[in-house]
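Colleague: This structure is in structure tokens; I'll ask about it shortly.
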Amino acid sequence: MNTLNQRDATRPALMPILDAPGLFADAVLTDEGDNLLFLSLWGRDTAVQEFRARLSLPVREGGLDNFRLDGDGAPFVQVGNPERLVTDSGRTPPQMIFGSLVHLWLYDRLAVEPDRANRRALLLYQPKDASTPTGKASLRHRLWSQVTETCHLPLLPEWRDTVLDAFEAAGWIKTLQGVGLAAYALDLGDDAVETVVSQLIRERRLTATG
């Protein structure tokens, strides 16, 4: 088989945005309520600028508070509060066969800075990062760093695996699967976090010597 005709499993096909003609997404991630957490899209400058403007407008004025994607496994996306979304963009060289295209990224602010007041954070990663033992170990290390940065309790390095397992079992660390992207969603604002850590210490599953 000609390898040029084989689809790269790590890079999803472009998905048209049905409510914004001329725009195509290659990665999207939502939370359990379909709220947008990350979007990577391509299009002409005019179409991209119009899409960005519509996200901030009321629906009665032509704004978008949700949109649909077309493709296998493509989700329905709720925009929610657009002020929580960070935007970044780049542009392809004009000499490309399709001309100059804009690449726009939209992502939840929690992906770049934890909400320490409410103890919430978002750790984005590519699915391929978890496909090898080395990748899984690196991802586990990144997750632990995010937990220690978000949690209000002092957590010793040697507690990592026990605490992560306990937090995942309690539902305070959830895995979100998107198209072309995945994430760990952290919500450590539950008062029971202190109770669980204290219980693990009393049971001597957490000690000063690990």
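Colleague: Give the label of the value calculated from the structure for Rg and Dmax of the Cα atoms in Å, choosing from (i) 20.2, 65; (ii) 21.9, 105; (iii) 19.5, 67.
Modeller: Only one listed value fits the structure, namely (i).
Colleague: Tell me the label-point distance for the pair N118, Q177, using the 7 Å Cα-to-Cβ offset, in nm and rounded to one decimal.
Modeller: Placing both labels 7 Å beyond Cα along the Cβ direction yields 2.7 nm.
Colleague: How far apart, in nm, are the 7 Å Cα→Cβ label points at V59 and L156?
Modeller: Roughly 5.3 nm, to one decimal.
Colleague: Another question, then. With a cut-off of at most 13 other beta carbons within 10 Å, and DSSP calling the residue loop, which chymotrypsin sites (Phe, Trp or Tyr not before Pro) in the stretch 82-166 qualify? Please list them.
Modeller: F98
Colleague: Could you rank S40, S138 by how accessible they are, 1.4 Å probe, largest area first?
Modeller: S138, S40
Colleague: Give a quick list of trypsin sites (Lys or Arg not before Pro) in the stretch 96-166 that DSSP marks as loop, anything other than H, G, I, E or B, with at most 10 other Cβ atoms within 10 Å. Mind showing how you got there, number by number?
Modeller: On the way: sites: R109, R116, R119, R120, K128, K136, R140, R142, R160; in loops: R116, R119.
Passing sites in the stretch 96-166 do not exist.
Colleague: Which value, in debye to the nearest 20, describes the size of the charge dipole of the chain about its Cα centre when Lys and Arg Cβ atoms bear +1, Asp and Glu Cβ atoms bear -1, and nothing else is charged? Let's see the in-between values first.
Modeller: Numbers: 22 positive and 28 negative charges, 94 e Å.
That gives the chain a dipole magnitude of about 460 debye.
Colleague: So, one more: How large is the Kirkwood hydrodynamic radius of the stretch 145-204, counting all unique pairs of alpha carbons, in Å?
Modeller: 12.3 Å
The values are calculated or read from the model by the stated rules, or taken from the named source; none is laboratory data. Predicted, not measured: the structure shown is a model, and the values here were computed from it. Note that we place each Cβ from the backbone using ideal geometry, even for glycine, and neighbour counts take in every protein chain shown. Heavy atoms of the whole protein, side chains included, go into the accessibility calculation; ligands, DNA and RNA do not. Shrake-Rupley method; radii C 1.70, N 1.55, O 1.52, S 1.80 Å.
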